[in-house]
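**Q** Handing you a structure now.
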Amino acid sequence: MLSLYVHLPWCVKKCPYCDFNSHVYHSPDLNKPALPEADYIQALKLDLTESLALYPDLSHREIQSVFFGGGTPSLFSGQAIGEILTHLSKHFHFSPHCEITLEANPGTVERKHFRAYRKAGVNRLSLGIQSFNAEHLKKLGRIHDSLEAKQAISIAREAGFDNLNLDIMYGLINQSLSEALEDLSVACGHQPEHLSWYNLSLEPNTLFYKQRPPLPEDNVMHLIENQGDALLKTHGYTRYEISAYARPNHQAKHNLNYWQFGDYLGLGAGAHSKITTPTHKKIHRLIKHKHPKTYLDCLDCAHAQISFVQENKIVCDQDKPMEFMMNALRLVEGVDLSLFEQCTGLPLSRIEKILLKAKHLDLLDSSEKIKPTKKGLLFLNDLVNLFSEDI
Ligand SMILES: C[S@@+](CC[C@H](N)C(=O)[O-])C[C@H]1O[C@@H](n2cnc3c(N)ncnc32)[C@H](O)[C@@H]1O
Ligand code: SF4
């Protein structure tokens, strides 16, 4: 099995908290301010050709999910998304239940685009709502207001999307407990199938990191986290990952694949890939050229065989346990013990001592799984770091 990630790197405006590989598009031709869709699609196609030449086995693996992430993929037309999907389906076999997600910013929603995405095969939309509160949206520098957030949800439903994720953030600037809970109540009122509830983090290289805004005190955060979790549970959402909640049978297949340490091929500017070679179980990590301009420049150089790949590293055995745990331990129900050997090619005996230590510290559950306890989820970094010890 394999997942595909397609990065579409442009946004209308850079949000002050965002550290994603997203860029405001500055057209070299003022008469033609639209995104360079055609060139980018051409580059994605050549990027895929190069990846398949490097790893020919990939084309035999069934695709279980495709994710168009950004940036703001909803800036691309339905026709463009359709062309990318058609091209991918010529090179891969898609599972009949393949989940195909596209991220959309409520400030860039157009009815006809949403219908066209659905028609092109996208069957899941992820809306970057963040908050329904007008003041908070302003402070976050979002391009949409509360009404547009709600309209985006109705437009998505009208366009035929029966699998919706809403991204909501909490711990916003001076946010009170009642404001955070109100955002969740409004979100639940729209009955999305999935809800991602992120704690706003101050990431290096962002404006918020340089000019640190006043965030809620620890005791308020504690109340938000506990009461928010309970509220979501009451509305029928089960927490299955640190920040992910889903209705039954609606866990995100694409994200689950990351957390279960599955393989994925990333296409587009700055896209990451993780590819395990079938015979030697070597884990390769690739990163494509990050800046959209550098990435697009590879198009002109394609005849000179300049690579889209900026970095290609093999994960050494020493690093595998930590990399595996960084993902698997985010899952509330953890993973089967056998997954460790299956994914890393290492014997379980290699981490047995650390598993025991983590159980002793009440960070891991004592069951026959690799499963964090409540305390383990709360101190996830400490738990994961145990696996970086010399083993
Ligand atoms: C690539 S963005 C989603 C699509 C679109 N670009 C948008 O913002 O509407 C992915 C999500 O990550 C979350 N996110 C981004 N920066 C964050 C931060 N600093 N802390 C917490 N969550 C963040 C937001 O909820 C955002 O919707
Ligand atoms: S719209 Fe999304 S990807 Fe773009 S800058 Fe804002 S948070 Fe980042």
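**Q** If I ask for residues that are of a type in the set (Ser, Thr, Tyr) and surrounded by fewer than 22 Cβ atoms within 10 Å (Cβ to Cβ), which ones from segment 94-109 would you list?
**A** Matches in segment 94-109: Ser95, Thr108.
**Q** On to the next question. Among the residues of segment 85-112 satisfying the criterion of being outside any strand (DSSP E or B) and within 25 Å of Gln251 (Cα to Cα), which is farthest from ligand 2 (Cβ to nearest atom)?
**A** Once the filter is applied, the top-ranked residue is His93.
**Q** For the condition more than 23 Å from Val309 (Cβ to Cβ) and either touching a residue at least 12 places away in the same chain (Cβ under 8 Å) or within 16 Å of ligand 2 (Cβ to nearest atom) (or both), what is the one hit in Tyr17, Tyr40, Tyr55?
**A** Tyr17
**Q** If you check Ser201, Ser196, Ser185, which single one turns out to be part of a loop (DSSP other than H, G, I, E, B) and hydroxyl-bearing (Ser, Thr, Tyr)?
**A** Of Ser201, Ser196, Ser185, the one residue that is part of a loop (DSSP other than H, G, I, E, B) and hydroxyl-bearing (Ser, Thr, Tyr) is Ser201.
**Q** Across segment 69-84, what is the number of residues that are in a loop (DSSP other than H, G, I, E, B) and over 16 Å from the mean Cα position of the chain (by Cα)?
**A** So the count comes out to 2.
**Q** Check off (1) surrounded by 20 or more Cβ atoms within 10 Å (Cβ to Cβ); (2) more than 24 Å from Cys301 (Cα to Cα) for Gln79 and give me the number that stays unchecked.
**A** Here Gln79 meets the rest and fails (1).
**Q** Test Val122 against the stated conditions and say whether it is over 25 Å from Tyr258 (Cβ atoms) and within 16 Å of ligand 1 (Cβ to nearest atom).
**A** For Val122, the condition - over 25 Å from Tyr258 (Cβ atoms) and within 16 Å of ligand 1 (Cβ to nearest atom) - is not met.
**Q** Quick one: in segment 161-180, of everything that is in a loop (DSSP other than H, G, I, E, B) and in contact (Cβ under 8 Å) with a residue 40 or more places away in the chain, which residue is nearest to Gly82 (Cα to Cα)?
**A** Phe161
**Q** Can I ask one more? So Ser366 clears everything in (1) more than 23 Å from the chain's Cα centre (by Cα); (2) at pLDDT 95 or above; (3) over 24 Å from Asp263 (Cα atoms) except one condition, right? Which one?
**A** Answer for Ser366: the failing condition is (2).
**Q** So, of the residues in segment 113-132 that are of a type in the set (S, T, N, Q) and buried (at least 20 other Cβ atoms within 10 Å of the Cβ), which turns out to be farthest from ligand 2 (Cβ to nearest atom)?
**A** Ser131
**Q** Can you confirm whether Ile41 is more than 16 Å from ligand 1 (Cβ to nearest atom), surrounded by 20 or more Cβ atoms within 10 Å (Cβ to Cβ), under 22 Å from the mean Cα position of the chain (by Cα) and in the same structural domain as Ile129 (by TED's automatic domain parsing)?
**A** No: the conditions fail for Ile41.
**Q** Now a separate question. Looking at this structure, is Phe76 of a type outside the set (S, T, N, Q), over 25 Å from Pro248 (Cβ atoms), at pLDDT 95 or above and touching a helix residue (DSSP H, G or I) at 6+ places or on another chain (Cβ under 7 Å)?
**A** Yes.
**Q** Only one residue in Pro214, Pro204 is more than 16 Å from ligand 2 (Cβ to nearest atom), closer than 21 Å to Cys18 by Cα, modelled with pLDDT of 95 or more and surrounded by fewer than 18 Cβ atoms within 10 Å (Cβ to Cβ), so which one is that?
**A** One residue alone meets the criteria, Pro214.
**Q** Let me ask you something else. If a residue must be within 16 Å of ligand 2 (Cβ to nearest atom) and outside any loop (DSSP other than H, G, I, E, B), how many such residues does segment 133-160 contain?
**A** 7
The values are calculated or read from the model by the stated rules, or taken from the named source; none is laboratory data. Everything numeric here is computed off the predicted structure, so don't read it as measured data. Because the Cβ atoms are built from the backbone with ideal geometry, glycine has one as well, and the counts that use them run over all protein chains shown.
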